[in-house]
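The values are calculated or read from the model by the stated rules, or taken from the named source; none is laboratory data. This is a predicted model, so every value here is computed, not measured. In case anyone asks, the SASA skips ligands and DNA or RNA and just uses the protein heavy atoms, side chains included. Shrake-Rupley method; radii C 1.70, N 1.55, O 1.52, S 1.80 Å.
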Amino acid sequence: MNKKSISIIFIISILFFGCKKDNSVANKLYLQSLDAYSKNDFLLCIKLVEKAIDLNENLIQGKLLLAKSYFFLDENSKALKCLEKIIKDNPEFTDARIWNIRILIFSENFQQAKKYLENELRINQTDWRVYYLYSLLAKAEGDFETQISMLEKAEIALIDGAKVFGEISEIWQGLGLEERANENLNKQKIIIGSSL
């Protein structure tokens with residue numbers, strides 16, 4: 001090998017291992033931000049998750065956590081700005097689209113929320129959250145027929161989704177992981193039990 005080849009390999013390895021280290025630190029910061037979020041310490045969450053995103057700009061869940069934290073601090077314009085960027089860069093990220101709609105409704109931007117909900121229903125008819133958000137919008141607009149209709153559709157989608165927890169439980173049980181199997185079975189029972 002010549003000196004040029006060795007230099008190139010050296011530079012690539014520094015970049016590769018440097019990125020791995022940054023991602024490792026970013027993931028630790030993200031986990032700490034999740035902990036802060038779970039304790040409703042949204043200011044700390046924002047501080048930690050921003051550092052994590054600086055180290056790993058592909059941390060999409062971190063960007064969503066940032067938007068959610070802004071929402072709970074009643075900084076909806078910042079939350080919406082974060083979500084718009086996430087959706088632009090990752091249009092397939094359903095949770096970001098759902099949160100965007102939710103914040104639009106809570107911000108009383110009903111026309112925009114309705115536009116996004118109609119689009120969401122074209123591509124996502126199995127997610128109970130879409131129907132639930134539509135029911136919130138209908139309630140805000142005083143349209144109780146639509147509200148009831150959407151809540152019924154949310155219930156149907158939720159019950160259909162409960163079947164997934166039963167199947168996951170069977171897989172965990174087959175792998176001998178009883179605790180995980182029971183967790184999923186309990187989730188299924190809660191959903192199905194609440195619909196009776």
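Overview of results
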{"read-out": "Residue among Glu50, Glu155, Glu183 with the largest mean-square fluctuation in a Gaussian network model of the chain, springs linking Cα atoms under 10 Å", "value": "Glu183"}
{"read-out": "Solvent-accessible area, 1.4 Å probe, carbon plus sulfur percent, for the chain", "value": "57 percent"}
{"read-out": "Principal-axis tilt of helix 178-194 within the chain, Cα atoms, nearest 10 degrees", "value": "30 degrees"}
{"read-out": "Three-way shape label, region 50-175, alpha-carbon gyration tensor, a/c 1.5", "value": "oblate"}
{"read-out": "Per residue accessible area of the chain, 1.4 Å probe, in Å²", "value": "65 Å²"}
{"read-out": "Region 72-112 and region 136-192: distance between their alpha carbon centers, rounded to Å", "value": "24 Å"}
